[in-house]
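The values are calculated or read from the model by the stated rules, or taken from the named source; none is laboratory data. Model, not experiment: these values are computed from the prediction. Ideal geometry is used to build each Cβ from the backbone, glycine not excepted, and the neighbour counts take in all protein chains shown.
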Amino acid sequence: MRRLACEADLIPVVLGGDGQVLDLGRSDRFFQEHQRRALAIRDGRHCHFPGCQIPEPRCVTHHMTAWDHGGPTDLANEVLLCRFHRTTVHHEGWLVRIGSHGHPEYVPPQWCDPQRRILRP
């Protein structure tokens, strides 16, 4: 029995109130629609980048820690961004992470802010 448990391909999941999987871990790279709905509620139904008000239907989900760097497909690792800010974060060295308040926060690259002060929407 112990050997069977060690060799099993078990994936822990977090379920929402209606039983839908919210945290997929590493089992799937792409976010599901019910995850996106939960994310829109958390992030305010618009691009979460500070100062941006692009509405949620025109936004994409973004892994804060990239999938190819081991990032899971979980609510705690995703943020809702418009395509412009997703590209900005992805290609210009911004750090996005969940802050102590439970919501995403942004650390600009050093070329943008030498002190790298945390930005919160």
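Looking only at the range 38-83, how many residues end up being closer than 17 Å to HIS103 by Cβ, free of Cβ contacts under 8 Å to residues at least 12 places away in the same chain and outside any loop (DSSP other than H, G, I, E, B)? Of the residues in the range 38-83, 1 are closer than 17 Å to HIS103 by Cβ, free of Cβ contacts under 8 Å to residues at least 12 places away in the same chain and outside any loop (DSSP other than H, G, I, E, B).
Residues in the range 41-63 that are aliphatic (A, V, I, L, M) and at pLDDT below 90: ILE41 only. Can you pull out every residue in the range 64-88 that is at pLDDT below 95, closer than 20 Å to GLY51 by Cα and among the hydrophobic types (A, V, I, L, M, F, W, C)? MET64, VAL79, LEU80, listed by residue number. Tallying residues that are assigned to a loop (DSSP other than H, G, I, E, B) and not polar (S, T, N, Q) within the range 84-115 yields 13. Within the range 52-89, if we keep just the residues that are over 23 Å from CYS112 (Cβ atoms) and among the aliphatic types (A, V, I, L, M), the residue that is surrounded by the most Cβ atoms within 10 Å (Cβ to Cβ) turns out to be LEU75.
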